[in-house]
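What follows is a set of notes on a single structure, which appears directly below.
The values are calculated or read from the model by the stated rules, or taken from the named source; none is laboratory data. Every value quoted in this text rests on a predicted model; they were computed, and no experiment measured them. Quick reminder, even Gly has a Cβ in these numbers, built from the backbone with ideal geometry, and neighbours come from all protein chains shown.
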Amino acid sequence: MINVCVACGTSYLQDEIEHCKICEDERQFVPKSGQQWLSLETLRASHSNKWQQHLPQLLSLQTVPRFAINQRAFLLQTPHGNVLWDCIANLDDASKTLISALGGLHAIAISHPHYYSTMQDWAAAFNAPIYLHADDSEWIMRDSPHIQLFAEDEFEILPTVKLIRLGGHFAGGCVLHWQHENGILLSGDIVQVTPGADGVSFMWSYPNMLPLSATTVEKIIQRLAKIKFERIYGAFEHREITFNAQRILLRSGEKYLSCLT
């Protein structure tokens with residue numbers, strides 16, 4: 001039986017559960033009430049996924065009522081196949097039906113371990129590879145034949161879809177760059193879109209408010225200055241910048257560095 005951590009949504013085999021390694025790391029947290037677990041069957045019975053269309057070829061899905069970290073995942077529809085970016089724990093029947101009707105999944109790619117959740121079940125349902133950076137392999141809590149590790153700083157999934165390892169929040173932390181329209185960056189929270197959707201920030205631990213170093217942020221900014229993107233879609237609902245995103249990101253990076261110095 002598969003159980004998921006209520007705090008972060010990471011999935012474990014029931015017989016192997018001792019504690020949630022993801023939550024016990026300082027980049028997440030163990031709730032004051034302690035660690036709790038939920039079976040996938042119970043989660044599916046009590047929750048569903050809502051969908052939102054952002055662009056004709058870009059959809060997001062998010063579990064309601066909110067569950068665990070409450071991130072959203074994205075479905076990219078490209079001429080070369082569909083990609084699921086990041087993952088949520090609840091794989092409900094409606095999501096299976098919708099994704100299948102849209103052509104299934106060519107690949108799954110995940111920004112960092114906080115969003116690994118039930119990636120193994122999504123991959124099995126659609127017979128899709130999961131692309132993860134090798135630097136984060138220690139955080140894989142359930143093995144799967146679908147997991148494919150890559151070690152490069154840039155990894156092309158499809159002709160217009162590339163993963164870029166930025167590090168920072170996690171050593172293997174990645175963003176996804178899609179050469180669609182004027183360029184789209186799907187950032188998870190490796191680059192966090194701020195609540196006003198007019199800036200971004202960078203943290204080593206968001207819940208514990210531990211920042212990244214100036215050197216690390218400088219490297220992230222330099223990498224992202226070399227690619228073209230007009231839009232950024234972050235991990236959480238309403239956290240997207242749909243105009244001048246690259247300029248806003250570079251300006252935010254300068255502000256972050258000025259605060260540190």
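Data overview
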quantity	calculated
Qualifying positions in segment 21-51 - in a strand (DSSP E or B), in contact (Cβ under 8 Å) with a residue 40 or more places away in the chain and of a type outside the set (Gly, Ala, Ser)	ASN49, TRP51
Residue in segment 163-179 that is buried (at least 20 other Cβ atoms within 10 Å of the Cβ), assigned to a strand (DSSP E or B) and in contact with a helix residue (DSSP H, G or I) (Cβ under 6 Å, 6 or more places away or on another chain) present	no
Out of ASN49, ASN90, sole residue that is under 24 Å from LEU185 (Cβ atoms) and in contact with a Ser or Thr (Cβ under 9 Å, 6 or more places away or on another chain)	ASN49
Residue check for ASP153: closer than 18 Å to LEU224 by Cβ and touching a strand residue (DSSP E or B) at 6+ places or on another chain (Cβ under 9 Å)	yes
Candidate set from segment 135-152 (those that are in a loop (DSSP other than H, G, I, E, B) and either touching a residue at least 40 places away in the same chain (Cβ under 8 Å) or touching a Gly at 6+ places or on another chain (Cβ under 6 Å) (or both)); member that is surrounded by the most Cβ atoms within 10 Å (Cβ to Cβ)	MET141
Contacts under 8 angstrom Cβ, first residue in segment 103-120 being closer than 18 Å to VAL6 by Cα, partner basic (Lys, Arg) and at pLDDT 95 or above, 6 or more apart	HIS114/ARG27; GLN120/ARG142
Residues satisfying the stated conditions in segment 41-83, i.e. under 14 Å from VAL4 (Cβ atoms) and of a type in the set (A, V, I, L, M, F, W, C)	LEU43, ALA45, PHE67, ALA68, ILE69
Of residues in segment 68-111 being part of a loop (DSSP other than H, G, I, E, B) and at positive phi, the one surrounded by the fewest Cβ atoms within 10 Å (Cβ to Cβ)	GLY103
Any chance PHE243 is in contact with a His (Cβ under 9 Å, 6 or more places away or on another chain) and either closer than 28 Å to LEU61 by Cα or crowded, with 17+ Cβ neighbours inside 10 Å (or both)	no
Some residue of segment 182-199 being of a type in the set (Ser, Thr, Tyr) and either touching a helix residue (DSSP H, G or I) at 6+ places or on another chain (Cβ under 9 Å) or within 26 Å of ALA68 (Cβ to Cβ) (or both)	yes
Every residue from segment 51-67 that is loosely packed, with under 11 Cβ neighbours inside 10 Å, within 23 Å of THR242 (Cα to Cα) and not polar (S, T, N, Q)	PRO56
Some residue of segment 197-215 being under 21 Å from VAL83 (Cβ atoms) and either buried (at least 22 other Cβ atoms within 10 Å of the Cβ) or out of contact with any Gly (no Cβ under 6 Å at 6 or more places or on another chain) (or both)	no
In segment 202-255, residue nearest to TRP178 (Cα to Cα) [restricted to those that are of a type in the set (Lys, Arg) and assigned to a loop (DSSP other than H, G, I, E, B)]	LYS228
Counted residues, segment 180-190 - those being touching a Leu at 6+ places or on another chain (Cβ under 7 Å) and part of a loop (DSSP other than H, G, I, E, B)	1
Candidate set from segment 8-35 (those that are within 17 Å of ASP189 (Cα to Cα) and hydrophobic (A, V, I, L, M, F, W, C)); member that is nearest to the chain's Cα centre (by Cα)	CYS8
Some residue of segment 53-75 being over 19 Å from ALA123 (Cα atoms), among the polar types (S, T, N, Q) and without any contact (Cβ under 8 Å) to a residue 40 or more places away in the chain	yes
